[in-house]
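S.K.: My questions all concern the structure below.
Bear in mind that the values in this text are calculations on the coordinates, not laboratory data. Keep in mind that this is a model prediction, so the values were computed, not measured. Positions of Cβ are generated from backbone atoms using ideal geometry, with glycine treated the same way; all protein chains shown enter the neighbour counts.
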Amino acid sequence: MKKPPSVIISSVGLLDDELVLLNSALASLEKKGFSYRDTGQRREDAQLLVINGDTLAGREALVQCYGEANQQIKLVLSRHVIEGPNTIWLIRPLSLDVLTSVLLRLSKDISKGIFTQGRSGITTFHLLFEAKQTGSTMALNLDDSPLLYVNAIGNLVATECDDEQLIALLAANLSSLTIQEVLITDMPAVSAGAMKVVSLDNMLWQAGLLWDSAELLNELHVEQVFKLKEWPNFSSNNVFPEHIQLASALSNQSLSLAKLQALTGISKKEVTCFINAAYAVGLIDVVAETPMPRPANEASLESKSIKSLFSRFKERVSRRSSSSLRQ
């Protein structure tokens, strides 16, 4: 697998303990194959700015960025709400788990060029998925909605949100969310009737189906073939005929995204959301990749020259690369 390109980071106004936290998070992510260049100061070629919005240097950097209509991604740590273009706010102080989870998702999308046209495609779904993968604990909320407490270690989510607030929260873009550190020892007691408590997988499933995109998760690509290994628990989620049809098709045979769409007649967006949600909660296996079509006269072509073989190889690489680009 090709190693992701380096992500260029500038840190501005961070306190000593925050620099230690950032370096620890980056060291952890480098073990996952990412590489970083921390310029240590604000630079125009940096793809990601990590800013303490409560320090003088940090506030000055933000004023300058917004005044220039700057397109760099700004991860702002502050005790106060910070809003602006391409800005993701994390409340201070924050934990290593939360910072690592957010940086991991940002790094994946920056390396794939997703941050273009001044907006981010990262949603609550991505954040919950990263929390599950890293075993994080945190609390999220949107505007004035009640908090959504995430305990990935215990595979639990608790909230006092009503259904309307919960749907808005699960569909929200990451830049609209408030993310707080919550230690596992500080998770609220969930007394009967006081909070709605469900599994993290249940919430991941709902958030995946609400992701307003026809793009696969970064971990997947369109040439792969999928097979359902276990049916979703439709009894604990909203049931739609399309999801039952998709589950039935994938439980009977292994299918690519395109073949699943052709077989069921369901829109690409609905099919993609189903695949993403099912993958995030571990309900599907990635069986293989779709073999590339071979020309009918391939035998004669191969016998003529090495040049023809190399041409087909370049075509295959080109198709693989184009199918991996998203958003």
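S.K.: Could you run the Karplus curve 6.51 cos²θ - 1.76 cosθ + 1.60 with θ = phi - 60° over segment 196-213 and give me ³J(HN,Hα) per residue in whole Hz, x for Gly and Pro?
M.R.: 7, 10, 9, 6, 4, 4, 4, 5, 4, 4, 5, 5, x, 6, 8, 5, 7, 7
S.K.: What list of ³J(HN,Hα) couplings, whole Hz, do you get for segment 240-252 from phi and the Karplus terms 6.51, -1.76, 1.60, once you set θ to phi - 60° and write x for glycine and proline?
M.R.: Whole-Hz 3J(HN,Hα) from phi for segment 240-252: 10, x, 4, 5, 5, 5, 5, 4, 5, 5, 6, 7, 8.
S.K.: Compute the length gained on full extension between L183 and Q253: take 0.36 nm times their separation in residues and subtract their Cα-Cα distance, giving the result in nm to one decimal.
M.R.: Here the segment from L183 to Q253 would lengthen by 20.9 nm.
S.K.: Apply 1/(1 + (r/R0)^6) to the Cβ-Cβ distance of V197 and E60, taking R0 = 56 Å, and write down the FRET efficiency to the nearest 0.05. Could you put the intermediate results ahead of the total?
M.R.: Details: r = 44 Å, r/R0 = 0.79.
According to the calculation, E is roughly 0.80.
S.K.: If the only charges are +1 at each Lys and Arg Cβ and -1 at each Asp and Glu Cβ, what is the size of the charge dipole of segment 123-212 around the Cα centre, to the nearest 20 debye?
M.R.: Magnitude of the dipole: close to 300 debye.
S.K.: Using a simple spin-label model with points 7 Å from Cα along the Cα→Cβ vector, what separation in nm is obtained for I8 and S35?
M.R.: Those two pseudo-labels are separated by 1.5 nm.
S.K.: Under the rule of at least 5 residues apart or a separate chain, name every residue whose amide H is placed under 5 Å from the amide H of M195.
M.R.: Here the answer is none, since no amide H 5 or more places off falls under 5 Å of that of M195.
S.K.: Applying the Karplus parametrisation 6.51 cos²θ - 1.76 cosθ + 1.60 with θ = phi - 60° to the phi angles of segment 81-91, what ³J(HN,Hα) value in whole Hz is obtained for each residue in order, glycine and proline being reported as x?
M.R.: So the Karplus estimates, Gly and Pro as x, are 4, 10, 10, x, x, 6, 10, 10, 9, 10, 6 Hz.
S.K.: Could you please report the charge total around I184, scoring K, R as +1 and D, E as -1 over all other residues with beta-carbon less than 15 angstrom from its beta-carbon?
M.R.: On the way: positive: K132; negative: D97, E181, D186.
It works out to a net charge of -2.
S.K.: Right, something else. What does the charge count near R79 come to, summing +1 for each Lys or Arg and -1 for each Asp or Glu among other residues with Cβ under 13 Å from its Cβ? Intermediate results must be reported in sequence, preceding the final value.
M.R.: Details: positive: R59, R92; negative: E18, D54, E181.
Summing Lys and Arg as +1 and Asp and Glu as -1 gives -1.
S.K.: Taking a threshold of 18 Å on the Cα-Cα distance, which of the pairs K32/K108; K32/K132; K229/K269; K32/K227 fall above it?
M.R.: On the way: K32/K108 11 Å; K32/K132 16 Å; K229/K269 22 Å; K32/K227 26 Å.
Long pairs (Cα-Cα over 18 Å): K229/K269; K32/K227.
S.K.: Mind sorting I275, I266, I184 by how few other Cβ atoms lie within 10 Å of their own Cβ, fewest first? Could the numbers behind the result be given before it?
M.R.: On the way: I275 26, I266 18, I184 13.
Ordered by Cβ neighbours within 10 Å, fewest first: I184, I266, I275.
S.K.: A further question follows. How many nm is it between the label spots at V20 and I167, if each spot is 7 Å from the Cα in line with the beta carbon?
M.R.: 4.7
S.K.: Going by amide H atoms built from the backbone, whose H comes under 5 Å of the H on S11, apart from near neighbours?
M.R.: For S11, whose amide H was placed from the backbone, the distant partners under 5 Å are T39, G40, Q41, V50.
S.K.: Additional query: What order, most packed first, do the peptides 95-101, 18-24 have when packing is the mean number of other Cβ atoms within 10 Å of each residue?
M.R.: Details: 95-101: 22.0, 18-24: 16.4.
Going by the mean number of other Cβ atoms within 10 Å, highest first, we get 95-101, 18-24.
S.K.: Scan around S256 for amide H atoms under 5 Å from its own, H built in the peptide plane at 1.01 Å from N, and keep only partners 5 or more places away or cross-chain.
M.R.: Correct list: F226.
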